[in-house]
Amino acid sequence: MAKTLYLIDGHYQIYRSFYGAPQRLSSSTGEPTGAIHVFFQMLLALIRDRKPDYLAVTMDVSDETVFRRDLDPEYKAHRDPAPEGLHTQADRIVSIVAGLGIPTLRVPRFEADDLMATIAERMRDEPVDVYLVSRDKDLEQLITDKVRMFDPVKNLVVDSEVLLAEKSYTPAQAVEIQTLTGDSTDNIPGVQGVGLKTAAKYIAKYGTADEVLAHADELTKKAAERVKAYADQLPITRQLVTLRRDVPFEFELDACRVDSLDSSGVLPLLDELGLTRLAGQLEDLSGAAGKPDAGVPARAAPQVSDVDYELIDTPERFEALAVELAEQGEFAFDTETTGINPVAADLVGLSFSWEAGRACYVPVRAALGVALPVESVVERLKPIFEDDSIAKIGHNLKYDMLVLRQVGIEVRGAAFDTMIASFLVDPLRGSHGLDGLAKSLCDHDMIPITDLIGKGKNQITIDQVDTKVVGEYASEDADFTWRLKELLEPQVAGSHIESLFRDTEMPLVTVLASMEHNGVAIDAKMLGTLGDALADRMLALQSDVYKAAGHEFNLSSTQQLGGVLFDEQGLSVVRKTKTGRSTDADTLQTLADTTDNPIPKLILEYRELSKLKSTYVDTLPKMVCAKTGRIHASFHQTGAVTGRLSSSDPNLQNIPIRTETGRRIRAAFVAADEDTVLLAADYSQIELRLLAHFCRDQALLDAFDSGQDIHRAVAAQVNG
């Protein structure tokens, strides 16, 4: 079996960590540490979950000295300076990586991508699979059957099949694609107006960028002109985007062994930065990294190879299960359904476990195999589920409670949700899903649901799968929910999060289940009228834009809009991004405020109306459940690392209130009948009230006690 070498794209992951970090994190001296925390959480998860045999970090040296500047002095010129706080944290990250004994590879005049390309080339005939830890498109050209990209945020391995599915081209075509498109981030010119989709279409037809140029006359007149105008630049761009596989430097694979990881040298620095929890996690991995049990807690659930999973498909077996279930003080359970919407879906079966390695499945709906009558199963299990003296354990327990509520069972005794426990124990964990936790905490690969129901247009519902197959899958879910509870409960008990978990989060599960079950009614007719009005206004705005521009173009195309604003109208470029000249809302607002050109203001209004129409006005009526006539949004306790609730399907928290259109959309949410009213409530400066309570500042206390506008009162105090 081939060993694995993971090469981390250092600058890419540091930037990603910086922008994904909670900016409030800092040391006692005020030094920012958010990016450091996120980077090393990524690194720890990589070592713990992927268990690489070898690991190294590649870094750029200098944009100014890179050999590509010899080809084009404008390469990577005019880049925005690094954001404040990045350089300090990047230096700390490099120091800690070095202190851990992980090689950091740099070569003057070359970039990290060239080093990864060279190492991948050298490993071609070795029994080593290479994983490039990055989603930088420049690395796509390196993908082979032995070289893949890995996205640690999505826990996604990108091979040639994934690349083709995502972007419609192969690794062999990646250089040709980039030769046509260039790269605005690196200031590499490409054919004007040719983006990824167009380039992929051209390369699929002609094979190479040179052949596209040779067949330019077969393209549209404008496209032909642009391709021909690019002819002299094409060979230079090809050299700029092609990674070097012959960088001269020493590389010793053995120096990258992960099992030599040693955190002792970096612990004082981590303590200095206030990253004590990170220090503890690194200590746990030291010496264990790369070994089969790396990262598994001391009380990890045993890997039971001889599991006892039983299919309960006779009345006699079911009665025996019900008797045994009623005798348990606690049990884990899971539901199988025909869909992901718990209110709209039908119950297919239930699985149970109260002992590691032992579980059972009760089918109540099946096309293949025997299913027990759902009415009799519900009648027999209802008193067990509604007995709050029996503790119920689940993973995303709210979903299962909602499913059972649809068949008349009110689950009581909801005691432990392993998803919520995981989130509170480690909010920045890569995944809180059952499959991810089973892998990271139990070193177990769960049966993928797609193995049963497929995916895409050929996907079926789980009730169409043989009950014996479903039984294995469902029993495994209940079994590992139980095992995760055994792992996570000791980490919650006696910790600073125990009260939060027991007294707030778990009771909230029941509250949210009721909210989701009840749903909310909408006035679809009102939304229909609003949708027609918005469509008329958008047509008028579109006409005004065309008139101001002097021709028609796709208002939704950022490239075409950029061409109109900056090339045709001569407006100044406000900001550049990785994909080119920015036309985002801030940019358009700046242009609207600083120029007399009407187009930016018109586009801003058009975009706002388009977003509201597509996101809410057109979509909300389609989200009404046929069973209930109401919308049933989902509320998530693990959606935001800050601990705030988030909602989806639809997101009820993002409907604007400051615009007239937003207020009209909100007005479409109505009481179900004449005997019911809707109450709109919001916190009144809750954080400031808490601040006043804890700090006992007399001015704040007096302002709140007398009902003053707190902002006016503070401003008056500051200004005397």
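The values are calculated or read from the model by the stated rules, or taken from the named source; none is laboratory data. Computed from a prediction, not measured in an experiment: that's the story for all the values here. Here Cβ is always computed from backbone atoms with ideal geometry, including for glycine, and neighbour counts include all displayed protein chains. Only protein heavy atoms, including side chains, enter the accessible area calculation; ligands, DNA and RNA are left aside. Shrake-Rupley method; radii C 1.70, N 1.55, O 1.52, S 1.80 Å.
Based on Cβ point charges of +1 for Lys and Arg and -1 for Asp and Glu, what charge dipole magnitude is obtained for the range 37-92 about its Cα centre, in debye rounded to the nearest 20?
That gives a dipole near 380 debye.
Can you give the net charge of the other residues whose Cβ lies under 14 Å from the Cβ of T144, counting K and R as +1 and D and E as -1? Please list the in-between numbers first.
On the way: positive: R122, R124, K146, R148, R245; negative: E121, D125, E126, D129, E140, D145, D159, E161.
In short, -3.
Just by accessible area at a 1.4 angstrom probe, what is the order of T638, T615, T467 from largest to smallest?
Of T638, T615, T467, the descending order of accessible area is T615, T638, T467.
For Y12, what accessible area in Å² do you get when you roll a 1.4 Å probe over the heavy atoms of the protein chains, rounding to the nearest 10?
Y12 exposes around 50 Å² with every protein chain in place.
For the range 29-145, with every protein chain kept in place, what is the accessible area per residue (1.4 Å probe, Å²)?
Heavy-atom accessible area per residue stands at 39 Å².
With N set to the number of residues, divide the alpha-carbon radius of gyration of the range 65-168 by 2.2 N^0.38 Å and report two decimals.
Ratio of Rg to 2.2 N^0.38 Å for the range 65-168: 1.25.
If we count every other residue with Cβ under 14 angstrom of L270's Cβ, Lys/Arg +1 and Asp/Glu -1, where does the sum land? Display every interim value, and only then the final one.
Numbers: positive: R92, R277; negative: E31, D262, D271, E272, E283, D284.
Result for the neighbourhood of L270: -4.
What ranking of L508, L527 comes out by heavy-atom accessible area, probe 1.4 Å, highest first?
In descending accessible area the options line up as L508, L527.
Taking a 1.4 Å probe, which of W482, W354 shows the most accessible area, and what order do the others take after it?
From most accessible down to least: W354, W482.
Taking the Cα centre of the chain as origin, work out the dipole magnitude from +1 charges on Lys and Arg Cβ and -1 charges on Asp and Glu Cβ, in debye rounded to 20. Provide the component values of the computation, followed by the final result.
Details: 74 positive and 111 negative charges, 397 e Å.
It works out to roughly 1900 debye.
Where the Cα atoms of the range 358-470 are projected onto their three principal axes, how long is each span, largest first, in whole Å?
42, 41, 27
Sorted from largest to smallest, which semi-axis lengths in Å does the alpha carbon gyration tensor of the range 638-690 give for its equivalent ellipsoid, taking the root of 5 times each eigenvalue?
So the equivalent ellipsoid measures 24, 16, 14 Å along its semi-axes.
Taking every pair of alpha-carbon atoms in the range 509-555, give the share separated by more than 14 Å as a whole percent.
Values: 740 of 1081 pairs.
Percentage above 14 Å: 68.
Would you mind telling me the share, in percent, of accessible area of the range 377-447 contributed by carbon and sulfur at probe 1.4 angstrom? Could the numbers behind the result be given before it?
Numbers: 1110 of 2290 Å².
Of all accessible area on the range 377-447, carbon and sulfur atoms account for 48 percent.
What is the Cα radius of gyration of the range 100-221 over 2.2 N^0.38 Å, N being its residue count? List each step's numbers first, then the result.
On the way: Rg = 16.3 Å, N = 122, 2.2 N^0.38 = 13.7 Å.
Cα-based Rg divided by the globular estimate yields 1.19.
How much mean residue ellipticity at 222 nm does the chain get from its helices, if each DSSP H run of length 4 or more adds -39500 (n - 2.57) and you divide by all residues, to the nearest 500 deg cm²/dmol?
-12500 deg cm²/dmol
Specify the inter-centroid distance of the range 9-77 and the range 151-200, based on alpha-carbon positions, in whole Å.
Cα centres, the range 9-77 to the range 151-200: 22 Å.
Out of L434, Q89, L55, whose Cα points farthest toward the positive end of the dipole of the chain (charges: +1 Lys, Arg; -1 Asp, Glu; placed on Cβ)?
Q89
Restricted to Cα positions, what overall size does the range 422-519 have along the principal axes? Three whole-Å values, descending.
46, 39, 24
With every protein chain in place, what's the accessible area of E225 (1.4 Å probe, Å², nearest 10)?
110
Could you list, in their original order, any pairs among K201/K221; K601/K622; K146/K205; K76/K167; K76/K601; K154/K455 whose Cα atoms are separated by more than 21 Å?
Details: K201/K221 17 Å; K601/K622 31 Å; K146/K205 28 Å; K76/K167 25 Å; K76/K601 32 Å; K154/K455 19 Å.
Exceeds cut-off: K601/K622; K146/K205; K76/K167; K76/K601.
Using only the C-alpha atoms of the range 513-631, find the volume of their convex hull and express it per residue in Å³.
141
Considering all alpha-carbon pairs of the chain, what whole percent are spaced by more than 39 angstrom?
Details: 129877 of 258840 pairs.
Tail of P(r) above 39 Å: 50 percent of Cα pairs.
What's the Kirkwood radius of the range 1-140 in Å, using all Cα pairs?
Across the range 1-140, the inverse of the average 1/r is 16.3 Å.
Can you send over the solvent-accessible area of D183, 1.4 Å probe, protein chains only, in Å² to the nearest 10?
10
Per 10 Å bin, what is the whole-percent P(r) computed from every C-alpha pair distance within the range 606-720?
Reading the bins upward from 0: 10, 28, 26, 22, 12, 1, 0.
Regarding the range 659-720, what is the average projected area of its C-alpha convex hull, in nm²?
It is 7.1 nm².
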